[in-house]
Every structure is written in C-alpha cells, then in structure tokens.
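Worksheet: the structure to be examined is printed underneath.
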Amino acid sequence: YERNHLAAADEHFAALRERRYAIHRGCAEDGFAGAMLIAAAQGCAGAVAEIGEEWRSFVQSLWELPGPLVDSAQARAALLSGDVRTARRWANGFRAPLGPGPMVWLEISHITKLRCLLASNQAHDLAAAELLAAACMAHVERLRNVPANLALLGLHALRLEACGERKSAVNVLRQALRQAAPEGFVRTFVDLGPRLLNLLGAVEDADLADYIAVLRAAFAPTAAPRPSEQLAKGLAGVLTERE
C-alpha cells in the first residue's frame, strides 16, 4: 500500500480479513483499514461503507463495542474522497487522550484527527492542530517511529502553509522527503491530498527530483474512458464499418 501498489496490497488486506479470527487483532484491523483506504483512493464510496460495516460486525463478534478506530478510518476515507464536512464532524467528537501506544498500525486516530483539523482550514482548527501535532510528534520521536514521523512532518508542512508560512512549509517537506526517499514512501504523502501536491512543486532539490516525480505521478487519477469510447469498444464486434 505504501508504495502505491494498490491491487497487490488489496489482495494481502483481503487475506488478513479472511483470517481475522486466526491472527492478531491489530493485523486483522489493518486488513479492514487498508481495504477502506484503497476503496477511498479509487473513489468507491459504497465499498468504504461496506468495509466499515464488516469491520463493526467483526468487533461486535468479539463481544466488544466498536472503538474509535472504525470511525476514524471512515473519517480518513472521507477526507480521501474530498468529504471534509464528514471528517470534521468526526474530529470534533473525538476527544480520547493520546495514550502510550506505539502507533505502529495503519490507522492512528489521533493523526487522523490532525488530518481532519487541517483539512477544515479554519483558524480555531489550525490552533488545535498545532497543539495535537506537537503532542503526537513528541510521542513518535520517543518511539523512533519513522512512518508516523513522516506523516506528521507532511501535516506540519500543510499547517505552516495554511498559516501563510510557505517557505518554512517547503523546508519541512524537503526534510521529510529526504528521510522518505530511500525507503520509497508514497502513500504517506499522497494521502495528505492535493494541497501537498501543490507544495511538492515548490521543492527544488536535484537529489529529490526523481522521487518527487514518482510522488507527483501517484497523485494523478486514473483516466476513465469516455462513455463514447466504452460504447465503441463494446459494440465494435457487432457493428459494420458503415454503422
């Protein structure tokens, strides 16, 4: 998933969901979260909802109430789909304190809340985002958690830009890209949305040029054939040349 090989990732996430009762619960929930992110990236809102219901059913089958993880994953999927209002509504209701957890799983509710606050782009949300980002960054630095740290650096760059500090935003993003390039991180940045694509264009670094090109290409949506092209392809075998 991280390297944007979505079809292959989807197969592995499906395997995790199929074995949900035989594996570690965190791995099973990664299967749901990953499938939800892929569906959102591909614009399949119906699939996102179905996966969410399947996830809730799994948690309830363990005789537990669904925790915040399902809802935060759906809020993150909403952001990927451009539905900022739904994502912000969830963020306003999520008030769980930041715990000592290692933040190693695919869905991290506090970082998703940070995504939602920044996406709203309102002054009070940006102020709240600054406080939450500082707490999350201190936490992941203590844990030496590189993937979470990269996501937070990308979000920090977006916050700086939203506050009118574009030069600082570009510098922070360059710092993140230098750390991410050797390992080929892609979705960490693409999942931050089109505002990050705009910032990427301002990063001038010859050593990062190839990597930035890969990231920019990953933002490009798959071009769907026009209806006329689909019609022509489907009827080509039954129509005469004149028809």
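Taking the conditions exactly as written (in contact with a Leu (Cβ under 6 Å, 6 or more places away or on another chain) and open to solvent by 20 Å² or more (accessible area, probe 1.4 Å)), does residue 137 satisfy them or not?
On the way: in contact with a Leu (Cβ under 6 Å, 6 or more places away or on another chain): yes; open to solvent by 20 Å² or more (accessible area, probe 1.4 Å): yes.
It is true that residue 137 is in contact with a Leu (Cβ under 6 Å, 6 or more places away or on another chain) and open to solvent by 20 Å² or more (accessible area, probe 1.4 Å).
Sort through 181, 176 and tell me the only one that's part of a helix (DSSP H, G or I), over 24 Å from residue 91 (Cα atoms), open to solvent by less than 20 Å² (accessible area, probe 1.4 Å) and in contact with a Leu (Cβ under 8 Å, 6 or more places away or on another chain). Walk me through how you get there before you give the answer.
Values: 181 fails: open to solvent by less than 20 Å² (accessible area, probe 1.4 Å).
Answer to the check: 176.
Go through (1) at negative phi; (2) open to solvent by 50 Å² or more (accessible area, probe 1.4 Å) for residue 17 and report which single condition fails.
Looking at each condition in turn, residue 17 falls short on (2).
Could you please find all residues in region 184-199 being under 13 Å from residue 115 (Cβ atoms), of a type in the set (A, V, I, L, M) and open to solvent by 20 Å² or more (accessible area, probe 1.4 Å)?
192
Report the residue count in region 9-40 for those that are without any contact (Cβ under 8 Å) to a residue 60 or more places away in the chain, in contact with a Phe, Trp or Tyr (Cβ under 9 Å, 6 or more places away or on another chain) and among the aliphatic types (A, V, I, L, M).
Result for region 9-40: 6.
Among the residues that make up region 96-112, is at least one of them surrounded by fewer than 21 Cβ atoms within 10 Å (Cβ to Cβ) and over 29 Å from residue 13 (Cβ atoms)?
Yes.
The values are calculated or read from the model by the stated rules, or taken from the named source; none is laboratory data. Since the model is a prediction, treat every value here as computed from it, not as a measurement. Note that we place each Cβ from the backbone using ideal geometry, even for glycine, and neighbour counts take in every protein chain shown. Calculation scope for accessible area: heavy atoms of the full protein, side chains included, ligands and nucleic acids excluded. Shrake-Rupley method; radii C 1.70, N 1.55, O 1.52, S 1.80 Å.
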